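Asks: Below is the structure I would like to discuss, written out as structure tokens.
Any read-out appearing in this document is the output of simple, stated calculations on the displayed coordinates, not a laboratory observation. What you see is a predicted model, and the numbers here were worked out from it, not measured in a lab. No Cβ is skipped: glycine too gets one built from the backbone with ideal geometry, and neighbour counts run over all protein chains shown.
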Amino acid sequence: MSEKCCCCGTQNKEQFKELEPVLEKYAKVPGSLITILQKAQDIYGYLSIDTINHISEATGIKPAKIYGVATFYAQFRLQPIGKYLIMLCQGTACHVNGSEIIEEAVCEYLGIQDGETTEDGLFTLNNVACLGCCSLAPVMMIQSADGDETYGNLTKDKVVQILAEIRERA
Amino acid sequence: MKVIIGQGSCGIATGAKKTQAEFEAQIAAKGVNVEIDFTGCVGTCYLEPIVDVYEDNGDMTRYVKVQPDRVERIVEEHLVGGKVVEEYAIAPEDQQFLDKQQRVVLRHCGLINPEKIEEYLAVGGYEATQRVVTSMTQDEVIEEIKVSGLRGRGGAGFPTWFKWNAAKGNPGKNKYIVCNADEGDPGAFMDRSVLEGDPHSLIEGMIIGGFAMGATEGVIYCRAEYPLAIKRLEIAMAQAREKGFLGKDIFGSGYDFDLRIKAGAGAFVCGEETALIASLEGERGMPRLKPPFPAAKGYWQQPTNINNVETFANVAWIINNGGAAFGAMGTQQSKGTKVFALAGKIKKGGLVEVPMGLALKDVIFGIGGGIKQDKQFKAVQMGGPSGGCIPADLIETPVTYEDINKTGAIVGSGGMIVMDEDTCMVDMARYFLDFTRKESCGKCNYCRIGTKRMLEILERITRGEGQDGDIELLEELAAKIKDGSMCGLGQTAPNPVLTTIRYFRNEYEDHIYNHTCTAKSCKELISYEITDKCVGCTACSRKCPVGAISGEVKGQHVIDKEKCIKCGKCLETCKFGAIVKK
């Protein structure tokens, strides 16, 4: 446990100043926990224990409950992610059209498994349920600070080429 | 002249933004006076990016698969020269994909700019809302919907009027109308298309529904995986508010109604009404026992009505054209039209809206053009993880709630995943069970542990380690999970397994007793062999990552089955068709 446990003080106010406007708006509005967690994740990329404790302090919701909500939903992450988040669709249409082969190619090229981040901190791989672009299956979406980009009709070679290009740019 | 570029998520994924940039550059370079605009998804996803060129007299030419390298010719020959580039224009057989449809829900998708309320108003937008709030009573609205026979398009097919009426009849300080836009079924994307292509039709449906049940606030629960849908909804809501269609005293009627969006956080179980409400309240999305039903005690314990996007998108059309006109389409029990998302091993994938009652064959072959590479059609999966696989010999089944239920599948939200001879049905069952196991909220033991046990058995079978009695064990567990689960997720989770056992029992038996995969898809049960077509080019042996292939140059090679890891690289590499999967 970190020495600077923030559930008993406000020393972390400075650390969470980007989150302040969000907390000001939502902390006391009932039913806003998921919204707050989404905004916090947008800002910090993931939900750290410190962030959860800070939100708890501002909202009065117990950290255990926040943790419960954060782990219930697929969207929330408790670990930092790479610069590029690869959301590889594993929906039915993608599965039928060979998304497992695409996953193998990505894992082989990047040397990571689902949920992991490359050592250089560039890529994180996440399998997701369905991106809703089923006619272009297999599909992946890559999220980064530059915005979201969706790639369809993937093949083993195409997916490796896309990742290689991103790696080169970065 | 006007150039309109389709920019739904699928259009953008195929490069519509690059196409637009190229048009802008070419038009500027050639100095022609042409307006560029965009629209939502027209539904022919397999032809994206799609570009429509409108002449000043209203005539339209549709160009398909317009990658940037096709733009210059279109600009030069058509926009400057006035001559259609036939080579890139939509082919007659593709035009049929659209002509054979009857569009109510998708009436504006791909035609209007979803970010301009003026374009929605120009096609009669908000007239229904005005009529409802200024000249109809709540009961009259509900009666019109009753006459139409509209049933919930999210999966269960419950009559919409009944839900509205129940919420209207229950007392409450505040009543809420909620739109389930958390399209969680993998393989269904009609809601995304409506949200991205025609957000105002959803807003209108919600205002009208809200008025009918007496709600003053609406919430759209939209999945976070649809960022473009959320953005376009926000724009549409702001515009509607500015015009006075949302907010206080709508159309001077004294009726107040406003909307907000709540982004979902990714949980399939939130498609269940009570789980969705728990999620709206910021909790873990876990269902609770019913009654009380949401119509009595829902969001914040107030009377709440939840409908799906497609259901709401029908409402304004019904008010404008009359419930009887809607009811005239479809069959006696399943009225109106339904949007289906055609995907999988289909030639023409996309969104298809047809009157209910059409045979599966007419949708898959008549509109969808049949199976990719003309392979053998094996089955169509309907209803996602709650549904089932309908085999080829039931292809004449009319698509109605009742007829599809009889097959063991459900209409569900309208996803149709087409499968061919290469799809292993045991693997499909395993795939869906894996999905429901991950998505089970964990409240009911049978759903939480039972799905896990079923998955283990299915994994065992697909690995070739199936045992005598596994099929019966699956059936027993399936029955117990159905009985022992509180919500729809658990009650329907075994359906994909039960329907595949019912129609494809031989495939299960092949896996268990003969250790073969009928579709040659399960890795552990296949082997690769080199036939005498081999010319000894050595390409495969150089590609093989484990050095399992040996042979002399110009002599037939062999695969060492002990070493082979079945990665399939040799099969991909061979240019002579000498490698076969067995």
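Asks: Excluding residues on the same chain fewer than 8 positions from B:Lys243, give the lysines whose Cα lies under 18 Å from its Cα.
Replies: Filter leaves B:Lys116.
Asks: Here's a follow-up. Treat the count of other C-beta atoms within 10 Å as a stand-in for reagent exposure and order A:Met140, B:Met486 from fewest to most.
Replies: Taking fewest neighbouring Cβ atoms as first place, the list is B:Met486, A:Met140.
Asks: To the nearest 0.05, what FRET efficiency results for B:Glu234 and B:Lys575 with a Förster distance of 41 Å applied to their C-beta separation? Can you show the working numbers first?
Replies: On the way: r = 52 Å, r/R0 = 1.28.
That pair, B:Glu234 with B:Lys575, gives E of 0.20.
Asks: Let me ask something else. Which loop GluC sites (Glu not before Pro) in the stretch B:493-582, with loop taken from DSSP, have no more than 16 other Cβ atoms within 10 angstrom of their Cβ?
Replies: Details: sites: B:Glu507, B:Glu509, B:Glu524, B:Glu529, B:Glu552, B:Glu562, B:Glu572; in loops: B:Glu552, B:Glu562.
Of the GluC sites (Glu not before Pro), the ones in loops of the stretch B:493-582 whose Cβ has at most 16 other Cβ atoms within 10 Å are B:Glu552, B:Glu562.
Asks: Lys and Arg at +1, Asp and Glu at -1: add these up for the other residues within a Cβ distance under 9 Å of B:Pro159 and post the number. Don't jump to the answer; show the numbers that get you there.
Replies: Numbers: positive: B:Lys146, B:Arg151, B:Lys163; negative: none.
Net of charged neighbours comes to +3.
Asks: Separate question: Exposure proxy check: B:Tyr120, B:Tyr446 ranked by fewest other beta carbons within 10 Å? Don't skip to the answer; put the middle values down first.
Replies: Working: B:Tyr120 24, B:Tyr446 20.
Fewest-to-most Cβ neighbours within 10 Å comes out as B:Tyr446, B:Tyr120.
Asks: For B:Lys378, go through the aspartates and glutamates and keep the ones whose alpha-carbon is under 15 Å away, minus same-chain ones fewer than eight residues off.
Replies: Within the straight-line cut-off, B:Lys378 pairs with B:Asp393, B:Glu396, B:Asp420, B:Glu421, B:Asp422, B:Asp427, B:Glu507.
Asks: Just how large is the dipole of the protein assembly as shown about the Cα centre, in debye to the nearest 20, putting +1 at every Lys and Arg Cβ and -1 at every Asp and Glu Cβ? Please report the intermediate quantities before stating the final value.
Replies: On the way: 84 positive and 99 negative charges, 280 e Å.
Dipole magnitude for the protein assembly as shown comes out near 1340 debye.
Asks: Given the rule -39500 (n - 2.57) for each run of at least 4 DSSP H residues, summed and divided by the residues of chain A, what is its mean residue ellipticity at 222 nm, to the nearest 500 deg cm²/dmol? Let's see the in-between values first.
Replies: Numbers: 7 runs with 71 residues, N = 170.
Mean residue ellipticity, 222 nm, calculated: -12500 deg cm²/dmol.
Asks: Nothing charged except the Cβ atoms of Lys and Arg (+1) and of Asp and Glu (-1): what's the magnitude of the dipole of chain B about its Cα centre? Round to the nearest 20 debye.
Replies: Numbers: 70 positive and 77 negative charges, 285 e Å.
It comes to approximately 1380 debye.
Asks: So in chain B, what percent of DSSP beta bridges are antiparallel if you round to the nearest 5? Provide the component values of the computation, followed by the final result.
Replies: Working: 34 of 60 bridges.
Roughly 55 percent of the beta bridges in chain B run antiparallel, per DSSP.
Asks: Toward the positive end of the charge dipole of the protein assembly as shown, about the Cα centre and with charges on Cβ (Lys, Arg +1; Asp, Glu -1), which of A:Gln161, A:Ile49, B:Val147 goes farthest?
Replies: Toward the positive end, the furthest listed residue is A:Ile49.
Asks: Just to be sure I understand the model, the point goes 7 Å from the Cα along the line to the Cβ. What's the resulting B:Gln102 to B:Arg241 distance in nm?
Replies: Between B:Gln102 and B:Arg241, the simple spin-label model gives 3.9 nm.
Asks: So, one more: To the nearest whole number, what is the average tally of beta carbon atoms from other chains within 10 Å of the beta carbons of peptide B:179-188?
Replies: On the way: counts 0, 0, 0, 0, 2, 2, 5, 13, 11, 6.
Other-chain Cβ atoms within 10 Å of each residue's Cβ, averaged: 4.
Asks: Going down the table (A:Lys156/B:Lys575; B:Lys543/B:Lys582; A:Lys156/B:Lys65; B:Lys30/B:Lys348; A:Lys158/B:Lys65; A:Lys65/B:Lys443), which pairs top 25 Å between alpha carbons? Could you put the intermediate results ahead of the total?
Replies: Numbers: A:Lys156/B:Lys575 18 Å; B:Lys543/B:Lys582 20 Å; A:Lys156/B:Lys65 22 Å; B:Lys30/B:Lys348 35 Å; A:Lys158/B:Lys65 18 Å; A:Lys65/B:Lys443 16 Å.
Over 25 Å Cα-Cα: B:Lys30/B:Lys348.
Asks: How big is the antiparallel share of DSSP beta bridges in the protein assembly as shown, given as a percent to the nearest 5?
Replies: Working: 44 of 76 bridges.
Once the DSSP bridges in the protein assembly as shown are tallied, antiparallel ones form about 60 percent.
Asks: Are there GluC sites (Glu not before Pro) in the stretch B:51-99 that DSSP puts in a loop and that have at most 15 other Cβ atoms within 10 Å, and which ones?
Replies: Details: sites: B:Glu55, B:Glu72, B:Glu76, B:Glu77, B:Glu86, B:Glu87, B:Glu93; in loops: B:Glu55.
Sparse-neighbourhood loop GluC sites (Glu not before Pro): B:Glu55.
Asks: Tell me the label-point distance for the pair B:Ala122, B:Asp249, using the 7 Å Cα-to-Cβ offset, in nm and rounded to one decimal.
Replies: 3.1
Asks: Here's something else I'd like to know. Under 13 Å from the 7 Å Cα→Cβ point of B:Glu55, by amide nitrogen: which residues of the stretch B:84-100?
Replies: Within reach of a label on B:Glu55: B:84-85.
Asks: Moving on to the next point. How high is the FRET efficiency from B:Ala539 to B:Arg505, r the C-beta distance, R0 41 Å, rounded to 0.05?
Replies: On the way: r = 41 Å, r/R0 = 1.00.
With a Förster radius of 41 Å, E is 0.50.
Asks: If R0 is 60 Å, what FRET efficiency do you get for B:Glu35 and B:Ala359 from their C-beta distance, rounded to 0.05? Could the numbers behind the result be given before it?
Replies: Details: r = 43 Å, r/R0 = 0.71.
My answer for the efficiency is 0.90.
Asks: Let a ≥ b ≥ c be the square roots of the eigenvalues of the Cα gyration tensor of chain A; is it rounded (a/c under 1.5), or, if not, prolate (a/b larger than b/c) or oblate? Could you put the intermediate results ahead of the total?
Replies: Numbers: a/c = 2.61, a/b = 2.05, b/c = 1.27.
Taking the square roots of the gyration eigenvalues as a ≥ b ≥ c, chain A is prolate.
Asks: Are there any trypsin sites (Lys or Arg not before Pro) in the stretch B:464-544 that are in a DSSP loop and have at most 13 other Cβ atoms within 10 Å? List them by number.
Replies: Details: sites: B:Lys480, B:Lys482, B:Arg502, B:Arg505, B:Lys520, B:Lys523, B:Lys533, B:Arg542, B:Lys543; in loops: B:Lys520, B:Lys533.
Within the stretch B:464-544, the qualifying trypsin sites (Lys or Arg not before Pro) (loop, at most 13 other Cβ atoms within 10 Å) are B:Lys533.
Asks: Now for a different question. Do you know the relative contact order of chain B, to the nearest whole percent, from alpha carbon pairs under 8 angstrom that are 6+ apart? Before the final figure, lay out each step's value.
Replies: Details: 1234 pairs, mean separation 66.3, N = 582.
Here the relative contact order equals 11 percent.
Asks: Among the DSSP beta bridges whose two residues both lie in the stretch A:84-169, what percent are antiparallel, rounded to the nearest 5?
Replies: Working: 10 of 16 bridges.
Bridges in the stretch A:84-169 are about 60 percent antiparallel.
Asks: In addition: Once a ≥ b ≥ c are taken as the square roots of the eigenvalues of the Cα gyration tensor of the protein assembly as shown, is the result rounded (a/c under 1.5), prolate (a/b larger than b/c) or oblate (a/b not larger than b/c)?
Replies: Values: a/c = 1.38, a/b = 1.23, b/c = 1.12.
Note, shape of the protein assembly as shown comes out rounded.
Asks: Same structure again: Would you work out which of B:Pro355, B:Val53, A:Phe16 lies farthest towards the positive end of the dipole of the protein assembly as shown? Charges go on Cβ: Lys and Arg +1, Asp and Glu -1.
Replies: Selected residue: A:Phe16.
Asks: Decide, for chain B, between rounded, prolate and oblate: order the square roots of the alpha carbon gyration tensor eigenvalues as a ≥ b ≥ c, take rounded if a/c falls under 1.5, and otherwise choose prolate if a/b is larger than b/c, else oblate. Before the final figure, lay out the partial values.
Replies: Values: a/c = 2.25, a/b = 1.26, b/c = 1.78.
Oblate.
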